[in-house]
Amino acid sequence: MKKIEILGTGCPKCEKLAQATEEVARSLGIECELTKVKDITKITSYGVLLTPALVVDGDVKISGKVPSAEEIKKMLQ
């Protein structure tokens, strides 16, 4: 099971990334635990300065933008 974290304070882009990631994971049949991390201390502990950010199994995949569904798919596989 993949551990997926969406880092962000809850802004519209953060919500869009969370929704898109969940949809892509479901379409690929990937079992995952999706968590939204809003604590700024935890966000910066990943070295992330721009949100939203996508973290898969502890590895920051992208930050500062909402990737396309195709980009998310590559990051989850």
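FYI, it's all coordinate maths here, none of it is from the lab. It should be emphasised that the depicted structure is a prediction, and the values quoted were computed from it without experimental measurement. Cβ placement follows ideal geometry from the backbone for every residue including glycine, while neighbour counts extend to all protein chains displayed.
What FRET efficiency do you get for K42 and K65 if R0 is 35 Å and r is their Cβ-Cβ distance, rounded to the nearest 0.05? Intermediate values should be presented prior to the final figure.
Working: r = 20 Å, r/R0 = 0.57.
Efficiency, from the Cβ-Cβ distance: 0.95.
Does anyone have the angle between helix 12-28 and the longest principal axis of the chain? Alpha-carbon axes, 0 to 90°, nearest 10?
Compared with the principal axis, the helix lies near 30 degrees.
Filter the GluC sites (Glu not before Pro) in region 25-77 down to the DSSP loop ones having no more than 14 other Cβ atoms within 10 Å, then list what survives.
Sites meeting the loop and neighbour criteria: E31.
Can you tell me the convex hull volume per residue for the chain, based on C-alpha atoms, in Å³ to the nearest whole number?
Values: hull volume 5.4 nm³, N = 77.
Output value, Cα hull per residue: 70 Å³.
For every helix of n ≥ 4 consecutive DSSP H residues, a contribution of -39,500 (n - 2.57) applies; sum these over the chain, divide by its total residues, and give [θ] at 222 nm rounded to the nearest 500 deg cm²/dmol.
Details: 3 runs with 31 residues, N = 77.
Dividing the helical sum by the residues of the chain leaves -12000 deg cm²/dmol.
Relative contact order (percent) for the chain, with alpha-carbon contacts under 8 angstrom and 6 or more residues of separation?
Values: 125 pairs, mean separation 30.7, N = 77.
Across the chain, relative contact order equals 40 percent.
Full extension from E31 to K74: what is 0.36 nm times the residue separation minus their Cα-Cα distance, to one decimal in nm? Kindly include the intermediate steps, with their values, before the conclusion.
Details: separation 43, 0.36 × 43 = 15.48 nm, distance 1.55 nm.
Result for the pair: 13.9 nm of gain on full extension.
Quick one: dipole size for region 1-68, taken about the Cα centre, charges +1 on Lys/Arg Cβ and -1 on Asp/Glu Cβ, in debye to the nearest 20. Intermediate values should be presented prior to the final figure.
On the way: 10 positive and 9 negative charges, 44 e Å.
Dipole magnitude for region 1-68 comes out near 200 debye.
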